[in-house]
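Inspection log for the structure reproduced underneath, given as structure tokens.
Bear in mind that the values in this text are calculations on the coordinates, not laboratory data. Predicted model, so just to flag it, every value in this text is computed and none were measured. When we count neighbours, we look across all protein chains shown, and the Cβ atoms used for this are built from the backbone with ideal geometry, even at glycine.
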Amino acid sequence: MDTAADHSGQRPYRGRFAPTPSGPLHLGSLITALASFLAARHAGGRWLLRIDDIDGPRCRPEHADTILHQLDCHGLHWDEAVRYQSGHEAAYQAAFEQLRQSGACYRCTCTRARLAASSPAGIDGPIYPGTCRDAGHQQPDAAWRLRLPAGRIWLDDPLHGRIERDLRHEMGDFVIRRADGRIGYQLASVIDEQQQGITHLVRGADLIGSSLRQKYLMQHLGHAVPAFLHIPVLLDHNGNKLSKQNHAAPLQTETAAQNLIRGLHLLGQAPFAAAWHGRVDEILARAIRDWDPARIPKQLHLPA
Ligand SMILES: [Zn+2]
């Protein structure tokens, strides 16, 4: 299965991994990093690292340093300088200003409680019902939402097929600048992908809703849209997503080779993995050569 032709035209392959530095990497995040790394290297492309550190107090510089060290020990060496979102606030604000001046967004003064009471649950989370769309609010400390037209958005994913949503009824106007003045994750990411020339987004399936929103924004801003591949989320023994919030164990760098083998095995990439022992660079060289996203299982479960 080859995703290289999707959307990206003739641009040379550029992928990226963009962790939030709210804690060290765990097996679930290793799998996402590994998949995006292998896809990029298999295609002969570049693989960039971005630290998504604008999401407030959960982000800590020491976690970012730990993540860099963990990736390095696992042989996942990135190209070019690491990009920190916190260093690009001016570019995000400029993009917001352009959207604001074109009338593409509006102020939303809904409180958390009001949003919870008024937003129906959707496939990708709560759907904003458009409460403030035509209210003409002028409060300076309000959030700003992108005004979505009637219509549909879709993306093609090699694992999931075509994923499609109704913009207003299944997605809803989303926040591009928060009430505290910070730029929202969707807009910041879209500016990053464009400035870094990213052609392929390999990420967790828990971000499908974000991918659809970002694709809409990219098209609205006239940016090239990358190809998408969503890796199933790794579930623990209880069927919960392995995450920092669930206290997933940090990756131990001393067992990097075993961690890689385990990750490859979970990704369906390594028939050899169970019985194979090698150095990190040997394991990765073989995995790059043999990378095939068609072998990724529909669900990723930690063995009991
Ligand atoms: Zn509102």
For this session: Work out the FRET efficiency for Gln101 and Asp180 from their Cβ-Cβ distance, taking R0 = 25 Å, and round it to the nearest 0.05.
Result: 0.75
Exercise. How would you rank Arg112, Arg213, Arg262, going from fewest to most other Cβ atoms within 10 Å of each one's own Cβ?
Worked result: Arg112, Arg262, Arg213
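If the chain between Val280 and Ala294 were fully stretched, how many nm would it gain, using 0.36 nm times the residue separation less the Cα-Cα distance?
2.7 nm
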Exercise. What is the distance, in nm, between label points placed 7 Å from the Cα along the Cα-to-Cβ direction at Thr111 and at Arg60?
Worked result: 3.2 nm
For this session: Take the Cα gyration tensor of the range 91-177, multiply each eigenvalue by 5, square-root it, and list the three semi-axes largest first, rounded to whole angstrom.
Result: 24, 18, 11
Problem set entry | Computed log₁₀ I(q)/I(0) - Debye formula, equal Cα scatterers, no solvent, the range 1-135, q 0.13 Å⁻¹ | -0.84
For this session: Have a look at His26, His169, His220 and tell me which one the Gaussian network model of the chain (Cα, springs below 10 Å) gives the largest fluctuation.
Result: His220
Problem set entry | trypsin sites (Lys or Arg not before Pro) lying in DSSP loop within the range 1-106, provided at most 15 other Cβ fall within 10 Å | none
Exercise. If you average the sequence gap of Cα pairs under 8 Å that are 6 or more apart and divide by the length of the chain, what percent do you get for the contact order?
Worked result: 23 percent
Problem set entry | Inter-label distance for Ala150 and Ala94, nm, one decimal - labels placed 7 Å from Cα along Cα-to-Cβ | 3.7 nm
Seminar exercise, completed: Computed curve, the chain, Cα-only Debye sum without solvent term, log₁₀ I(q)/I(0) at 0.10, 0.13 Å⁻¹, is -0.57, -0.96
Problem set entry | Amide H within-cut-off set for Ile176, under 5 Å, with H built and near neighbours excluded | Trp144, Arg145, Leu146
For this session: For a label point 7 Å from the Cα of Ser119 along Cα→C-beta, name the residues of the range 189-226 whose backbone N is under 13 Å from it.
Result: 210
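Calculate how many DSSP beta bridges within the chain are antiparallel, expressed in % of all such bridges and rounded to the nearest 5. Show your work: numbers first, answer last.
Details: 17 of 30 bridges.
Among the beta bridges of the chain, antiparallel pairing accounts for roughly 55 percent.
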For this session: Take the Cα of His220, step 7 Å along the line toward its Cβ, and report every residue of the range 163-187 whose backbone nitrogen sits under 16 Å from that point.
Result: 165-179, 183-187
Exercise. In the chain, what cysteines have no partner Cβ closer than 4.7 Å?
Worked result: Cys59, Cys73, Cys105, Cys110
